[in-house]
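Input: a single structure, listed below in structure tokens.
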Amino acid sequence: MKRTAHIVFTFFMIILLVFIYPSSAYDFQHEDIWVYKGSFELGPGEKASIERYTLKVYSLDQEATEPSAVILVYKNNDFKKEYYVDAGPNSQKIYDNDLKIEITAIASGKISVAVYGHEFEKVWVLSTSKVSLSKGDVVQDGAYAISLTNVSSKEVNISVASPSGKYENLFALRDYKKYDNAFMIRLVYINTAKSQAFIETYRPGKPDVNVALSSLNDTFEAEEPVSCVLRLTNNGTLSLRGIKIENKATEGVFSEQTLSLDTLTPLQTMALDLGLEVPAAAAGRTISVTTEVSGSDYFGDAYHATDTQELFVGPYISITKAINGNKSLSGKTIASTHEQLKVNLKLKNTNDIPIKLTVTDSVPESFELEGTQKLEWEMQIDPHTTNEVTYIVSPSIPGNFTLGNAVATWKDNGNMYEVTGLAPEVLVNGSYVVAEKSVSSEYAMEGETVAVTVQISNKGDEEVQISAHDNVHAEADIISGSPEWSGKLAPGEIAQQSYEIVFSEAGEYTLPEFEVDYTDKQMKEVTVYSQQVEMYIDREAIDKGTDKAEASSITSTVQETQASELTNVQAAGFLASSFVGLFCIVSMIPVAVLFLIRKVYK
């Protein structure tokens, strides 16, 4: 029973507190404000709706010196009031302290009217929470200095030094006072025993608008709709009102270049979709998209925010390259060695006229082309259509590969343009067998034995069944060993075999390729060949070197002896012949002189 009585008493106290301190106890943070709802130009009989209200121009008199009109006010479609208005003293009317009508002009058979709604908005935001204040203390809050000058059981005197002057006011419990319409003090508690006052300070809140432009893609095709999402967020403590949004682009036209919003409350976010139409062009280009947002708070202070996003819009010709086949989770194609892969090129023309193109493509060297020798095509694409080109390739070795970029080139107004497609990636698994052939010497004599070595390497990631045969040259004879080998090779394993041959005739010879046939796990049969080997077989020379050497030695000895014996005789003969020759020359001189004299005087 006591427990029940206690619960009833508690419930009663809660109800009593609610009545004593209603929710409006914090209404000191709110302000009565007139919020702009819009402007209209209305002629006789025309209406404008503003939320639950409707305005109608009943009559308009422009013939008088001061033009005037009669306006009817409806609320929830029920007639409420009739007002006589003009652009002078009767320009402003307030209905039920909820709707304000302001006439800004009456001209050209129409009245210009601005409409405002009455609202009660939380404006004041806590700046300093419950701080104690004793005599002689000074609490500083920005440019405002607060001090306590007197304390009693029910009231205190507080002095405030502000930029506009110094004030002293009497505060009762829960009283609040505003200074310069920019600062407010509220008394929350009085401690008489310690001569202390506990106060809170408040300042007007502010909107803090943030604008962000985003798009799902940063790149768009020429014909693809360009779209952005505009997100407006008020991170402040006060509503932003009378919001105007202006959208601009360096190229193209927005579907909605200007937008208006009434209010963005604190912590509210609004998302707006924006569409942009961009004309097709031969060259891709980057377009800057900018959104500018402006608005004001209830007091009329202006706020601005802006954001810019860059988007790439491709040319009117686009090209894509894809490989048909199994895909991994990352989108990469997975294939086996010697598997036939279909490569597909798609070329799209988003222009309004046909375009003649030259298309080229490339694949890695280890990919064999099937059915074509050249990856180049000439074509014409009609307006707003897509052409396709396909070809088959077969990878010969395992590994990660990028299949090269396909390129389309064309001419527009005398200028050359090109567009490049992304190169797809492919992971190749499977067998890869390499055959090699070598000889112990590429130069040998007739009848000399030469060792031939053949090697088979499994460089793939699968076991293979091998059947190998080396084609022996028709002029060579096998002396020992076998040119054939068969068996299984695991991944990374190497098999090697040698045999000996001999050539009986001199000459230049080309040893044929070593031929290896193998079957992989997928039962694909493949043949690979080694390189050819060039050899030179020299003739065997006659071995008479010893006899020739001896004869040469004897001859040389005899000649040296004879030369040694004749030296003195030859010396004497040389002296005698020299003397006779000199005597003859001297004796000829007088005869020659005499002959010359007789010839001159003859």
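Figures for the structure shown
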read-out: Count of residues meeting criterion [at pLDDT 90 or above and under 17 Å from Val226 (Cβ atoms)] in region 277-307; value: 7
read-out: Residues being open to solvent by 40 Å² or more (accessible area, probe 1.4 Å) and not in a loop (DSSP other than H, G, I, E, B) - total across region 456-480; value: 7
read-out: Residues (in a strand (DSSP E or B) and small (Gly, Ala, Ser)) located in region 498-540; value: Ser498, Gly507
read-out: Out of Glu515, Glu500, sole residue that is open to solvent by 40 Å² or more (accessible area, probe 1.4 Å), over 56 Å from the mean Cα position of the chain (by Cα) and either at pLDDT 95 or above or of a type in the set (Phe, Trp, Tyr) (or both); value: Glu500
read-out: Top-ranked residue of region 18-34 - restricted to ones that are surrounded by 11 or more Cβ atoms within 10 Å (Cβ to Cβ) and within 29 Å of Asn76 (Cα to Cα), ranked as modelled with the lowest pLDDT; value: Asp27
read-out: Boolean, Lys374 is in contact (Cβ under 8 Å) with a residue 24 or more places away in the chain and charged (D, E, K, R); value: no
read-out: Filter pass, Val229 being in contact with a strand residue (DSSP E or B) (Cβ under 8 Å, 6 or more places away or on another chain), under 27 Å from Thr320 (Cβ atoms), loosely packed, with under 15 Cβ neighbours inside 10 Å and not charged (D, E, K, R); value: yes
read-out: Residue list for region 171-191, restricted to those being within 17 Å of Ser132 (Cα to Cα) and not hydroxyl-bearing (Ser, Thr, Tyr); value: Phe171, Ala172, Leu173, Arg174, Asp175, Met184, Ile185, Arg186, Leu187, Val188, Ile190, Asn191
read-out: Listing of strands (runs of 3 or more DSSP E) fully contained in region 257-363 that carry 1 or more residues being farther than 30 Å from Lys122 by Cβ, open to solvent by less than 20 Å² (accessible area, probe 1.4 Å) and out of contact with any Gly (no Cβ under 7 Å at 6 or more places or on another chain); value: 269-277, 285-296, 302-313, 317-324, 341-349, 355-360
read-out: Residue in region 191-199 that is modelled with pLDDT of 95 or more, of a type in the set (Lys, Arg) and open to solvent by 20 Å² or more (accessible area, probe 1.4 Å) present; value: no
read-out: One residue from Ala408, Ala444, Ala451 being buried (at least 16 other Cβ atoms within 10 Å of the Cβ), modelled with pLDDT of 95 or more and not β-branched (Val, Ile, Thr); value: Ala408
read-out: Thr237 being open to solvent by 30 Å² or more (accessible area, probe 1.4 Å) and in contact (Cβ under 8 Å) with a residue 24 or more places away in the chain; value: yes
read-out: Some residue of region 481-488 being in a loop (DSSP other than H, G, I, E, B), of a type outside the set (Asp, Glu) and either closer than 30 Å to Ile319 by Cα or open to solvent by 60 Å² or more (accessible area, probe 1.4 Å) (or both); value: no
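The values are calculated or read from the model by the stated rules, or taken from the named source; none is laboratory data. Please read all numbers here as calculations on a predicted model, not as lab measurements. Using ideal geometry, Cβ is built from the backbone for each residue, glycine included, and neighbour counts are taken over all protein chains shown. Protein only, heavy atoms only, side chains kept; ligands, DNA and RNA dropped before computing areas. Shrake-Rupley method; radii C 1.70, N 1.55, O 1.52, S 1.80 Å.
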